[in-house]
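What follows is calculated from the coordinates using simple rules that are stated; it is not laboratory data. Computed from a predicted model, the values in this text were never measured in an experiment. Every residue, glycine among them, receives a Cβ derived from its backbone with ideal geometry; neighbour counts consider all protein chains shown.
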Amino acid sequence: MEQAQTHIREPRPEKVAQVTMLKEKFSAAKSAFLTDFTGLSVEEITELRRKLRERNSEYLVVKNTLARLSAKEAGVEDILPYLEGPIAIAFSYDDPAAPARVIAEFVKSHSKPNPKVKACLIEGDVLPGEEAEEIAKWPTREELIARLVGQLNAPIYGLVNALADVSRRLVYVLNAIKEKKEGQA
């Protein structure tokens with residue numbers, strides 16, 4: 001008696017390539033924001049993609065099955081519960097808060113509440129989507145550097161002013177002595 005052979009279909013090469021590409025993006029990105037893009041037109045998604053690209057980020061509409069496989073392979077299983085319904089992912093490779101800022105600006109400038117952030121993956125930590133609003137308020141790298149430089153310069157600036165004040169006072173004292181001596185002569 002012959003057993004019925006079950007035929008397991010090999011995954012299509014383009015799907016394997018997509019899983020590999022998404023895995024690499026999850027691994028390389030400083031942050032990933034999972035969004036529900038329901039209700040956005042193609043033009044709006046294109047506009048959002050352009051704005052994200054300007055901030056060294058990208059926005060990809062993904063199939064949940066492929067996103068789940070790539071998240072598992074990348075070791076970010078904590079986002080799996082958020083991969084339900086229509087999903088697009090904003091990846092950032094420089095500033096982890098850049099997508100949150102762009103999405104917040106986009107939502108403010110449009111009458112629609114979407115894209116709604118479902119979850120945020122920042123440096124390996126998964127945060128609920130509600131945190132995106134706070135993340136959008138994070139200072140940029142340039143702002144942090146400017147603050148640091150300002151903090152580093154403050155003591156030097158104070159020292160220079162103190163030394164200048166001492167030398168000014170010395171000049172006043174020497175002038176007073178000179179005038180006193182000239183008045184006595």
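Between Pro11, Pro81, Pro115, the GNM of the chain built on Cα springs shorter than 10 angstrom shows Pro11 fluctuating the most.
Of Leu66, Leu163, Leu80, which has the largest mean-square fluctuation in a 10 Å C-alpha GNM of the chain? Looking only at Leu66, Leu163, Leu80, the biggest GNM fluctuation is shown by Leu163.
Tell me, what is the percent relative contact order of the chain, built from C-alpha pairs under 8 Å that lie six or more residues apart? Write down the numbers at each step before the final one.
Working: 217 pairs, mean separation 45.5, N = 185.
For the chain, the relative contact order is 25 percent.
Quick one: which of Lys23/Lys72; Lys51/Lys116; Lys108/Lys137; Lys25/Lys112 span more than 18 angstrom between C-alpha atoms? Beyond 18 Å between Cα atoms: Lys25/Lys112. The HN-Hα couplings worked out from phi for segment 125-139 by the Karplus form 6.51 cos²θ - 1.76 cosθ + 1.60 (θ = phi - 60°) are 9, 9, 10, x, x, 4, 6, 4, 4, 6, 4, 4, 8, 4, x Hz, whole numbers, x standing for Gly and Pro.
Loop by DSSP (not H, G, I, E, B), at most 16 other beta-carbon atoms within 10 Å: where is the longest site-free stretch of the chain for trypsin sites (Lys or Arg not before Pro)? Mind showing how you got there, number by number?
Values: sites that count: Arg9, Lys63, Lys137.
Here the longest run is 64-136.
What does the charge add up to near Ala162, with Lys and Arg as +1, Asp and Glu as -1, over the other residues with Cβ less than 15 Å from its Cβ?
On the way: positive: Arg168, Arg169; negative: Asp165.
That sum, taken over residues with Cβ under 15 Å, equals +1.
For Val173 and Ala28, the difference between the fully extended length at 0.36 nm per residue and the C-alpha to C-alpha distance is 45.7 nm.
Quick one: dipole size for the chain, taken about the Cα centre, charges +1 on Lys/Arg Cβ and -1 on Asp/Glu Cβ, in debye to the nearest 20.
Roughly 720 debye for the chain.
Could you tell me which residue out of Trp138, Ala104, Ile8 lies farthest along the dipole of the chain toward its positive end? Charges go on the beta carbon: Lys and Arg +1, Asp and Glu -1, centred on the Cα centre. Going by the Cα projections, it comes out as Trp138. Quick one: grab the alpha carbon gyration tensor of segment 139-185, order the square roots of its eigenvalues as a ≥ b ≥ c, and give me rounded if a/c is under 1.5, else prolate or oblate depending on whether a/b is larger than b/c. It is prolate, given that a/c is not under 1.5 and a/b is the larger ratio.
Mind checking segment 1-88 for GluC sites (Glu not before Pro) that DSSP puts in a loop (not H, G, I, E or B) and that have at most 14 other Cβ atoms within 10 Å?
On the way: sites: Glu2, Glu14, Glu24, Glu43, Glu44, Glu47, Glu54, Glu58, Glu73, Glu77, Glu84; in loops: Glu2, Glu84.
Here the sparse-neighbourhood loop sites are Glu2, Glu84.
Would you mind classifying segment 75-138 by shape? Square roots of the alpha carbon gyration tensor eigenvalues, ordered a ≥ b ≥ c; an a/c under 1.5 is rounded, otherwise it is prolate if a/b is larger than b/c and oblate if not. It comes out oblate by the Cα gyration axes.
Could you line up Ile45, Ile156, Ile87 from fewest to most neighbouring Cβ atoms inside 10 Å? Numbers along the way, then the final one.
Numbers: Ile45 15, Ile156 9, Ile87 19.
Result, fewest neighbours first: Ile156, Ile45, Ile87.
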